Amino acid sequence: MSETSPKLRAELDGIPTYRPGRPAAAGGPVAFKLSSNENPYPPLPGVMETAVAAAGDFNRYPDMACTGLMNELADRFGVPVTHLATGTGSVGVAQQLLQITSGPGDEVVYPWRSFEAYPIITRISGATSVPVALTSEDVHDLDAMADAVTDRTRLVFVCNPNNPTGTVVHRQELERFLDRVPSDVLVVLDEAYREFIRDPGVPDGLEIYRARPNVAVLRTFSKAYGLAGLRIGFAVAHEPVAAALRKTAVPFGVSQVAQDAAVASLRAEDELLGRVGALVAERTRVCGALRKQGWTVPPTEANFVWLRLGERAAEFAAACEAAGVVVRPFPGEGVRVTIGEYEANDVFLHAAEAFRRGR
Ligand code: PMP
C-alpha cells in the first residue's frame with residue numbers, strides 16, 4: 001500500500017479552522033457565555049412547539065425549496081420570492097456568495113478586523129484576500145476599500161454593524177462608496193445584527209439593494225430571532241445572484257425544524273423584537289457603566305461591545321473567565337463582549353472594573 005495521502009487543494013494550506021467562541025467551563029465559578037453574540041433568551045414556547053412538531057418527521061428530507069419560509073420572507077420584507085435564497089446560517093450563504101463569484105486569480109475585498117469567516121471562506125474559494133484596515137475609530141474605511149477594488153475584484157464585504165467592533169457605516173458614505181464600485185462587482189451587505197441598530201443614519205440594506213443589482217443583503221435568524229443552533233440565514237439579491245445561490249445550495253441543507261421555526265419566529269416577531277429592545281437597553285447600560293469606569297468604548301449598534309485592549313486582551317479575557325464570564329479575546333487587538341442577560345452583564349461589569357483598578 002502506498003504511503004502518500006490524497007492530493008488536497010494547495011489553497012487549503014495554512015487556512016485556520018473557524019474558531020467558535022468558547023463555551024462557559026463546566027464546573028467553573030459561574031457559567032455565563034458572552035463569547036458568541038448569541039441571544040441569551042430561551043426559545044419562545046410557541047416556536048419550540050413548532051420545532052418539536054417538525055422534528056417528528058425527521059425521517060423525511062426537508063422541503064428543499066424552503067417554500068413556506070420563502071413566501072413568508074417575501075411577504076415580510078416586500079421582495080419577490082425570486083430574490084431570496086436560504087442557507088445553513090448566513091455564513092453558509094456567504095460561502096455560496098464566494099462560490100458563485102470568486103475563484104483563483106480573483107480578489108475579495110473586506111474590512112479588517114471584521115467577521116473572521118471572511119478570510120477563511122475567501123481562501124477556501126481559492127480567491128485572494130484583500131483586507132482593508134478599519135480607521136483609527138474602528139469604522140470601515142470605505143474610501144480605502146473603494147481604492148482597493150481592481151479589475152480582479154469580484155466581491156466586497158461590508159459588515160454593518162461590524163463584528164467585532166459594533167461600529168456602523170451611514171447612508172451617504174455607503175451610497176458614495178457604492179457609486180465608486182463597478183457594477184459587475186458584487187457588494188455583500190452583511191447585516192447579521194441589523195435588528196439591534198437604533199441609529200437612524202444607518203440605511204436598511206434592503207432599500208439599497210432595490211436600486212442596485214450588484215448588492216446582496218445577508219441576514220440571519222441566529223441573533224435577534226434566537227435560532228443560532230438551527231443554522232438558518234438568507235440573502236436578498238436580484239434574480240441572477242439569488243438564482244445562482246439557489247443553484248449552489250447544499251441539497252436539503254436547511255432542516256425542516258429550522259424552516260418551521262423561522263416561520264414561527266417571523267410570526268412572533270413583535271415578541272422577539274421586544275427582547276431585542278431589552279438587549280439594546282442593556283447595551284446602553286453596559287456602555288454607560290464601562291465609560292464611567294474609564295474605558296473607551298466605540299459606539300456599538302450590535303449586541304456586543306468592543307474593548308481595544310491591545311496586548312492585554314488575553315489577560316483581560318482570563319480575568320473575566322476567572323470572574324465567571326467567558327468573553328472573546330482577539331489577541332493583540334481587543335476583546336468582544338456579547339450583551340447578555342442582566343446578571344451576566346453585571347458579572348462582566350464587575351470584572352471589567354476590577355481589571356481597571358488592577359485588582
Ligand atoms: N455575519 C456576521 C457579521 C456574523 O457575526 C456572523 C456570526 N457570528 C455571521 C454572519 C454568521 O451567522 P450565522 O451563520 O449564524 O447566520
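The values are calculated or read from the model by the stated rules, or taken from the named source; none is laboratory data. Quick caveat, the model's predicted, so the values are computed rather than measured. Counting neighbours? That spans all protein chains shown, and the Cβs are built from the backbone with ideal geometry, glycine included. Keep in mind that these areas ignore ligands, DNA and RNA; they rest on the heavy atoms of the full protein, side chains included. Shrake-Rupley method; radii C 1.70, N 1.55, O 1.52, S 1.80 Å.
Applying the criterion of at least 1 residues that are touching a helix residue (DSSP H, G or I) at 6+ places or on another chain (Cβ under 8 Å), in the same structural domain as Arg113 (by the TED database) and within 14 Å of the ligand (Cβ to nearest atom) to the helices (runs of 4 or more DSSP H) found wholly in the range 159-260 leaves 205-211.
Of the residues making up the range 124-143, those that are buried (at least 20 other Cβ atoms within 10 Å of the Cβ) and away from the ligand (no atom under 15 Å from the Cβ) are Ser125, Ala127, Val132, Leu142.
Taken over the range 29-58, the criterion of being more than 16 Å from the ligand (Cβ to nearest atom) and among the acidic types (Asp, Glu) is satisfied by Glu49, Asp57. The set of residues in the range 59-109 being open to solvent by 10 Å² or more (accessible area, probe 1.4 Å) and within 14 Å of the ligand (Cβ to nearest atom) consists of Thr86, Thr88, Ser90, Val91, Gly92, Gln95, Gln96. Would the range 290-299 turn up any residue that is part of a helix (DSSP H, G or I), out of contact with any strand residue (DSSP E or B) (no Cβ under 6 Å at 6 or more places or on another chain) and surrounded by 17 or more Cβ atoms within 10 Å (Cβ to Cβ)? Within the range 290-299, one or more residues are part of a helix (DSSP H, G or I), out of contact with any strand residue (DSSP E or B) (no Cβ under 6 Å at 6 or more places or on another chain) and surrounded by 17 or more Cβ atoms within 10 Å (Cβ to Cβ). Looking at Glu321, Glu311, just one residue is acidic (Asp, Glu) and either assigned to a loop (DSSP other than H, G, I, E, B) or surrounded by fewer than 16 Cβ atoms within 10 Å (Cβ to Cβ) (or both), and that residue is Glu311. Tell me, yes or no, whether the range 329-338 has at least one residue that is farther than 14 Å from Gly21 by Cα, assigned by the TED database to the domain that holds Glu38, assigned to a helix (DSSP H, G or I) and open to solvent by 40 Å² or more (accessible area, probe 1.4 Å). Within the range 329-338 (the criterion being farther than 14 Å from Gly21 by Cα, assigned by the TED database to the domain that holds Glu38, assigned to a helix (DSSP H, G or I) and open to solvent by 40 Å² or more (accessible area, probe 1.4 Å)), the answer is no, since none of the residues qualifies.
Each residue in the range 145-166 was checked for being under 22 Å from Gln99 (Cβ atoms) and hydroxyl-bearing (Ser, Thr, Tyr), and 2 pass. Going through (1) open to solvent by 20 Å² or more (accessible area, probe 1.4 Å); (2) under 19 Å from the mean Cα position of the chain (by Cα) one by one, Phe252 falls short only on (2). Could you go through the range 26-46 and let me know if any residue there is assigned to a helix (DSSP H, G or I) and at pLDDT 95 or above. Looking through the range 26-46, at least one residue is assigned to a helix (DSSP H, G or I) and at pLDDT 95 or above.
Per the listing Arg283, Arg231, the residue uniquely open to solvent by 30 Å² or more (accessible area, probe 1.4 Å) and either under 21 Å from the mean Cα position of the chain (by Cα) or at pLDDT 95 or above (or both) is Arg231.
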